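Report on one structure; see the data block that follows.
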Amino acid sequence: MSGARESGYNFAYLDEQTKRMIRRTLLKALAAPGYQAPFGGREMPLAYGWGTGGIQVTASVIGPEDVLKVIDQGADDTTNAVSIRRFFQLVADVETTEATEKATVIQTRHRIPEAPLEEGQIIVYQVPQPEPLRHLEPREVETRKMHAYAEYGLMQVRLYEDIARYGHIATTYDYPVMVNGRYLMAPSPIPKFDNPKMQDNPAIQLFGAGREKRIYAIPPYTSVRSLDFEDHPFRTQSWDQRCALCDADDSYLDEVITDDRGGRMFVCSDTDYCARRRANGHVGAQGAIDPVGEKTDALSGDAQ
Amino acid sequence: MSAAASMRTRAPLMQARSVTRSYGGNIGCRDVSFTLYPGEVIGIVGESGSGKSTLLACLSGRLEPDSGVISYDMRGRGFVDIQTLSEPERRMLMRTDWGMVHQNPRDGLRMAVSAGGNVGERLMAVGARHYGDIRGEAQNWLAKVEIDLERIDDKPRTFSGGMQQRLQIARNLVTTPRLVFMDEPTGGLDVSVQARLLDLLRGLVRELGIAVIVVTHDLAVVRLLADRLMVMRRGEVVEHGLTDQVLDDPHHPYTQLLVSSVLQA
Amino acid sequence: MADPITVSALSKTFTLHNQGGIRLPVFSDLSLRVAAGECVCLHGPSGAGKSTLLRSLYANYKADGGDIIVMHRGAPIDLVSAEPWRIIEARRETIGYVSQFLRVIPRVPALDIVAEPARAIGVSADAARGKARGLLTRLRIPERLWSLAPATFSGGEQQRVNIARGFIVDYPVLLLDEPTASLDAENRRTVIALIQEAKARGAAVVGIFHDAEVRDAVADRLFEVESFQGRAA
């Protein structure tokens, strides 16, 4: 608390009225899983597109006892993650961590941690475009009706277009899901690799879109099904390689260019997961030679 | 034979009674009544502002009449006053048992979606989830409307006006609706393209036994397509009857004027 | 069994609203009965109302009063008051009409134009086309033309396609409007044969035949339309 008081900000930056308003919206969103609830988004001290929606949600649910983890593309040490973590250190004076299982609140951009989430944890997704139907139907009035009446044939059309053009469903991130068998939802630009993790997850999953001023949510243990066709079933990405650092074969891998002579390596995008495995003695093909610092530099460059 | 047999017991498909709609003090359509039977093609002709488009909007549930009743024989439900349908029910009807062919293909097609996707959308909307089946059905319909199968993955914006209109028809007929509304389906097309489209429509409508309500100002369109004709003027139906009877032996002064104003084709 | 056609007290007047409301009475209180197997020739000078009567019998013109009873599916229907769908049904199954001119449908080949009425009553595509080929052959339409749309055919060829189309279904009632107008002697004789065959199978035929040869060959009696003109109101 002392940090917040010294900084002159109200706890967690937002005023209490705003937090109440957002919490009410969160309750509404949890009561109708996948439904995009509008909220009175506030101006935040950073630009739209940098996680203003996620920050407002985090600010509304975080308390002094919480432990915060912030990741961007799976990494704790990229620009966006570092900035947001520092922001909450300054305005809420909360403990922060890089360890997934230690965190009570995790704000994320583009990934779900590899380590399974548990009951009591909250994961907050930053959402650039909450409307999964937007590409196909530009009229907001119409998309709202489509949600209200569960008319989701059009989303299937988008997948059809993928198969027609590429021979398979080429959508690899922000892959549309049906939540609780009722609402079509954009899972934010996480890789479809992470989609199965949303299904029946014990944690509370909250989604905040700052520019569009929408909040939606998935309560614990809720059905989250990725759309597909009977003859083109949903599949996650897989790699021939293992993580070059920790030898993991079950995590989402980033391809990292290591030099200008075509050298490359595949490493876990979840830095915490990778570090933990190495600490436990797992060693990948290049794990012994490559210092940790170099790898993370490469990842920082990869992040937007 | 089956078409002939079904004629024996004639239950109407749609009934309109005293449908009236005005805009402020201006009359849209007034006191229009008719009965449409399955497989029947009704033409509504009249000049701009005669109320034919207002009437079509009311009949297709897109506009609420001020008074009057439009009832439709819904599959599995029997006659229903379409005004009592909820919006989702009406939208469902519009993409299953009804179809709508617009004058401007942009209003009836998704220009950013491939031809195959445009045709498949209605199937997916009613739950089709097998890509191979959907694509097969799309190919089947593109062939029926004489669109080269090579174009199945092209966007409609790369199509000619006539092709766009044919794609719109395929997109509508894929769920085998029993009633299709058409608003100037050949408007804006070259004469030679019009003929091809009309001929195609005529064949499909007869083959599938679809009822059609077609609004046009082009008497040649109704001559070729419609069994029956309603002539509208200033919001009212001034004459109706068998198409060839109304065109060849018009009784109302306005119909006589309309028919005599057209060059013999 | 009732006669296929029974017309009673029929009247028809044209009112031209856009020409000062001129009224042109054509006939009134007209009665006509045509028996099965009988051919009645509508007779009289030009302007007597022969064509108007023939078109009224097809419900192409709407009579002002009286009735036109046609036996359709074994039951009488009145073409003056029947609902449009019923008239369309009767035209499809009961009443054949050969007009003077073929109404060409763009892009549809001659063979299919001829076969269409048979298809419409449920004859299979193969059987209908087979019958169409037979008729086109009898009427001397060269086979190379069958697959073409008749828009570019000569007047005589179009007329013969039209006749073939009118005879492909064995209609109980046949209305013929100068079917031989632009035909040569050979084809005229073919049409005479077709009409005689229709009569032999029991069709009631009403026609306008200006050609004396045809009239003498097929007509059982002449019907003077003009005699009902004077009584027009």
Unmet criterion (only one of (1) under 22 Å from C:Ile95 (Cα atoms); (2) at pLDDT 95 or above) for C:Pro179: (2)
If I filter the range B:187-208 for residues that are open to solvent by less than 10 Å² (accessible area, probe 1.4 Å), of a type in the set (Val, Ile, Thr) and either on the phi < 0 side of the Ramachandran plot or part of a strand (DSSP E or B) (or both), do I get at least one hit? no
Out of (1) open to solvent by less than 20 Å² (accessible area, probe 1.4 Å); (2) over 30 Å from A:Ile163 (Cα atoms); (3) not in a loop (DSSP other than H, G, I, E, B), the odd one out for A:Ala244 is which? (3)
Scan of the range B:209-253 for residues that are open to solvent by less than 20 Å² (accessible area, probe 1.4 Å), more than 10 Å from chain C (Cβ to nearest Cβ) and touching a His at 6+ places or on another chain (Cβ under 9 Å), ordered by number: B:Met230, B:Val231
Could you check the range C:200-225 and list, in sequence order, the residues that are closer than 26 Å to C:Gly66 by Cβ and surrounded by 15 or more Cβ atoms within 10 Å (Cβ to Cβ)? C:Ala203, C:Ala204, C:Val205, C:Val206, C:Gly207, C:Ile208, C:Phe209, C:Ala219, C:Phe223, C:Val225
Counting only residues that are within 7 Å of another protein chain (Cβ to nearest Cβ) and either open to solvent by less than 60 Å² (accessible area, probe 1.4 Å) or closer than 20 Å to B:Gly187 by Cβ (or both), how many does the range B:111-148 have? 12
Looking only at the range B:82-99, how many residues end up being among the charged types (D, E, K, R) and loosely packed, with under 13 Cβ neighbours inside 10 Å? 1
Matching residues in the range A:85-117 (assigned to a helix (DSSP H, G or I) and within 19 Å of A:Ile204 (Cβ to Cβ)) number 4
Answer yes if at least one residue in the range B:67-81 is within 12 Å of another protein chain (Cβ to nearest Cβ) and either open to solvent by 40 Å² or more (accessible area, probe 1.4 Å) or more than 29 Å from A:Thr143 (Cβ to Cβ) (or both), and no otherwise. no
Is it the case that some residue within the range C:73-80 is assigned to a loop (DSSP other than H, G, I, E, B) and acidic (Asp, Glu)? no
If we take the range B:38-139, then helices (runs of 4 or more DSSP H) inside it with 3 or more residues that are closer than 25 Å to A:Leu133 by Cα and not polar (S, T, N, Q) are B:87-94, B:105-108, B:115-125
Condition (residue is within 20 Å of the chain's Cα centre (by Cα), open to solvent by 10 Å² or more (accessible area, probe 1.4 Å), of a type in the set (A, V, I, L, M) and closer than 18 Å to B:Gly127 by Cβ) applied to the range A:189-208: is it met by at least one residue? no
Residues in the range B:236-257 that are assigned to a helix (DSSP H, G or I), of a type in the set (A, V, I, L, M, F, W, C) and modelled with pLDDT of 95 or more total 2
Go through the residues of the range C:10-27 one by one and say whether even a single one is outside any strand (DSSP E or B), crowded, with 18+ Cβ neighbours inside 10 Å and more than 10 Å from chain B (Cβ to nearest Cβ). no
Assuming A:Gln89 fulfils every condition listed in (1) at pLDDT 95 or above; (2) surrounded by fewer than 18 Cβ atoms within 10 Å (Cβ to Cβ) apart from one, which condition is it? (1)
For C:Gly202, indicate whether it is at pLDDT below 90, in a loop (DSSP other than H, G, I, E, B) and over 19 Å from C:Asn162 (Cα atoms). no
Of all residues in the range C:98-139, how many are touching a Lys or Arg at 6+ places or on another chain (Cβ under 7 Å) and away from chain B (no Cβ under 14 Å)? 3
Can you confirm whether A:Tyr160 is crowded, with 19+ Cβ neighbours inside 10 Å and either over 23 Å from A:Leu206 (Cβ atoms) or more than 10 Å from chain B (Cβ to nearest Cβ) (or both)? yes
Would you check if there is a residue in the range C:145-153 being modelled with pLDDT under 95, more than 27 Å from C:Gly122 (Cα to Cα) and not assigned by TED's automatic domain parsing to the domain that holds C:Pro4? yes
Of the residues in the range B:232-246, how many are over 15 Å from B:Ile42 (Cα atoms) and among the acidic types (Asp, Glu)? 1
A:Ala150: hydrophobic (A, V, I, L, M, F, W, C) and either away from chain B (no Cβ under 14 Å) or under 25 Å from A:Gly49 (Cα atoms) (or both), yes or no? no
What helices (runs of 4 or more DSSP H), lying completely within the range A:135-234, carry at least 2 residues that are farther than 25 Å from B:Asp153 by Cβ? A:140-148, A:195-198
Output the residue which, of all residues in the range A:14-70 that are aromatic (Phe, Trp, Tyr) and touching a helix residue (DSSP H, G or I) at 6+ places or on another chain (Cβ under 7 Å), is least open to solvent (accessible area, probe 1.4 Å). A:Phe39
Of the residues in the range B:82-110, how many are without any contact (Cβ under 8 Å) to a residue 12 or more places away in the chain and more than 14 Å from chain A (Cβ to nearest Cβ)? 1
Name, by its number, the condition in (1) open to solvent by less than 40 Å² (accessible area, probe 1.4 Å); (2) assigned to a loop (DSSP other than H, G, I, E, B); (3) in contact with a helix residue (DSSP H, G or I) (Cβ under 6 Å, 6 or more places away or on another chain); (4) more than 22 Å from C:Ala203 (Cα to Cα) that does not hold for C:Val108. (3)
All but one of (1) surrounded by 15 or more Cβ atoms within 10 Å (Cβ to Cβ); (2) more than 14 Å from chain A (Cβ to nearest Cβ) hold for B:Gly25, so report the exception by its number. (1)
Mind checking which pairs have a first residue in the range A:253-271 that is within 14 Å of A:Ala285 (Cα to Cα) and in contact (Cβ under 8 Å) with a residue 12 or more places away in the chain and a second that is open to solvent by less than 50 Å² (accessible area, probe 1.4 Å) and assigned to a loop (DSSP other than H, G, I, E, B), Cβ under 6 Å, 6 or more apart or different chains? A:Met265/A:Ala244; A:Phe266/A:Ala244; A:Val267/A:Cys243; A:Val267/A:Ala244; A:Val267/A:Leu245; A:Cys268/A:Cys243; A:Cys268/A:Ala248; A:Cys268/A:Ser251
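The values are calculated or read from the model by the stated rules, or taken from the named source; none is laboratory data. Since we're looking at a predicted model, the values are computed, not measured. We place every Cβ from the backbone using ideal geometry, glycine too, and count neighbours over all the protein chains shown. When the accessible area is computed, the model is the full protein with side chains, heavy atoms only, and any ligands, DNA or RNA have been set aside. Shrake-Rupley method; radii C 1.70, N 1.55, O 1.52, S 1.80 Å.
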